[in-house]
Amino acid sequence: MAHSYAALFIHYIFSAKNRQHLITPDIEPRVWKYLGGIARDNDMKSLAAGGTSNHIHMLVELPRTMFVAKGIQLIKTGSSNWISETFKSLNDFEWQRGYGAFTVSVSRIEPTIEYIKNQKEHHRHRTFKEEYLLFLDKHGVDYDKRYVLD
C-alpha cells in the first residue's frame with residue numbers, strides 16, 4: 001500500500017484546575033472558538049468544543065501521526081496561556097493535570113457532537129464527577145475512585 005490513511009476521532013474531556021467554575025457564559029464562545037483554532041493550527045480538525053463553567057468536551061480528528069497525549073497537550077497548554085493573557089481576572093488560569101480521551105467511531109460522530117452541544121442540559125441532572133465516571137465505566141477504563149479526579 002503506497003499511502004497511509006487513518007480516521008482517528010477522539011473525545012477529550014478536561015476540567016479547570018480543582019474544577020473551579022471559571023469559564024463564565026460571557027467568555028464561553030471565545031474559549032470554544034479558540035480551542036478549535038488551536039486544533040486547526042496543529043493539523044487537527046475540531047468537530048465540536050463546548051462544556052460548562054468547570055470543564056470542556058472536545059471532539060477532534062487527529063492526524064495519523066499525532067499521539068492522543070500530544071493533541072491534548074497542545075490544546076490545554078495553548079488555551080490556558082491564552083485564557084490567562086486574554087482575561088485579566090483569570091491571569092493564573094490552569095487546566096487540571098489529567099484528562100479523559102475516548103475513541104469515537106464514525107457512526108457516533110453526530111451523536112457525540114450533539115452531546116457536546118448540550119452540556120448545560122446534561123449537567124442539570126448530573127455532576128461532572130458523575131458524568132466522568134460514567135464515561136470511564138462505559139469505555140471499560142480501569143481506575144481507582146480515590147484518585148480519578150485529583
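The values are calculated or read from the model by the stated rules, or taken from the named source; none is laboratory data. No experiment lies behind these values; they were computed from the predicted model shown. Note that each Cβ is placed from the backbone with ideal geometry, even for glycine, and that neighbours are counted across all protein chains shown. The accessibility values were calculated without ligands, DNA or RNA, using every heavy atom of the protein model including side chains. Shrake-Rupley method; radii C 1.70, N 1.55, O 1.52, S 1.80 Å.
Just how large is the dipole of the stretch 1-103 about the Cα centre, in debye to the nearest 20, putting +1 at every Lys and Arg Cβ and -1 at every Asp and Glu Cβ? Numbers along the way, then the final one.
Values: 11 positive and 8 negative charges, 31 e Å.
Roughly 140 debye for the stretch 1-103.
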Under 11 Å from the 7 Å Cα→Cβ point of Val141, by amide nitrogen: which residues of the stretch 62-98? 98
So what's the back-of-envelope 222 nm ellipticity for the chain, counting only DSSP H runs of four-plus at -39500 (n - 2.57) apiece and dividing by all residues, rounded to 500? -11500 deg cm²/dmol
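Which FRET efficiency value, to the nearest 0.05, is calculated for Leu149 and Lys45 with the Förster distance at 30 angstrom and r the Cβ-Cβ distance? Mind dumping the intermediate values first?
Numbers: r = 29 Å, r/R0 = 0.96.
The computed FRET efficiency comes out at 0.55.
Might you tell me the accessible area per residue for the chain, computed with a 1.4 Å probe and given in Å²?
Working: 9000 Å² over 150 residues.
Heavy-atom accessible area per residue stands at 60 Å².
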Roughly how compact is the stretch 1-74, stated as its Cα Rg over 2.2 N^0.38 Å to two decimals? 1.22
Part-to-part distance (alpha-carbon centres) for the stretch 44-68 and the stretch 112-150, which is given in Å: 15
So how compact is the stretch 47-99: Cα radius of gyration and Dmax in angstrom? 12.2, 38
If exposed trypsin sites (Lys or Arg not before Pro) are those in a DSSP loop with at most 13 other Cβ within 10 Å, what is the longest stretch of the chain that has none? 1-63
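If r is the Cβ-Cβ distance from Arg30 to Val68 and R0 is 30 Å, what FRET efficiency results, to the nearest 0.05? Provide the component values of the computation, followed by the final result.
On the way: r = 26 Å, r/R0 = 0.86.
Taking R0 as 30 Å, the efficiency between Arg30 and Val68 is 0.70.
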Computed label-point distance, nm, for sites Arg126 and Ser105 using a 7 Å Cα→Cβ extension: 2.0
Given an 8 Å cut-off on Cα distances and at least 6 residues of separation, report the relative contact order of the stretch 51-146 as a percent. 31
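Using a 1.4 Å probe over the heavy atoms of the protein chains, calculate the carbon and sulfur portion of the accessible area of the chain as a whole percent. Don't skip to the answer; put the middle values down first.
On the way: 4510 of 9000 Å².
Looking at the chain in its full context, I get 50 percent from C and S.
Ratio of alpha-carbon Rg to the 2.2 N^0.38 Å globular estimate for the chain, to two decimals, please. Before the final figure, lay out each step's value.
Details: Rg = 15.3 Å, N = 150, 2.2 N^0.38 = 14.8 Å.
Normalised by 2.2 N^0.38 Å, the Cα Rg of the chain equals 1.03.
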Any lysines with Cα under 29 Å of the Lys145 Cα? List them, leaving off those in the same chain fewer than 8 positions away. Lys17, Lys70, Lys76, Lys117, Lys120, Lys129
May I have the pair-distance distribution P(r) for the stretch 86-150, computed from all Cα-Cα distances with 5 Å bins from 0 and rounded to whole percent? 3, 12, 18, 21, 19, 15, 7, 3, 0
In the stretch 109-150, the chymotrypsin sites (Phe, Trp or Tyr not before Pro) that fall in loop regions by DSSP, at most 16 other Cβ within 10 Å: Tyr143, Tyr147
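Give the residue list of chymotrypsin sites (Phe, Trp or Tyr not before Pro) in the stretch 2-96 that are DSSP loop and have at most 13 other beta-carbon atoms within 10 angstrom. Write down the numbers at each step before the final one.
Details: sites: Tyr5, Phe9, Tyr12, Phe14, Trp32, Tyr34, Phe67, Trp82, Phe87, Phe93, Trp95; in loops: Tyr5, Phe67, Phe87, Phe93.
Qualifying residues, ordered by number: Tyr5, Phe67.
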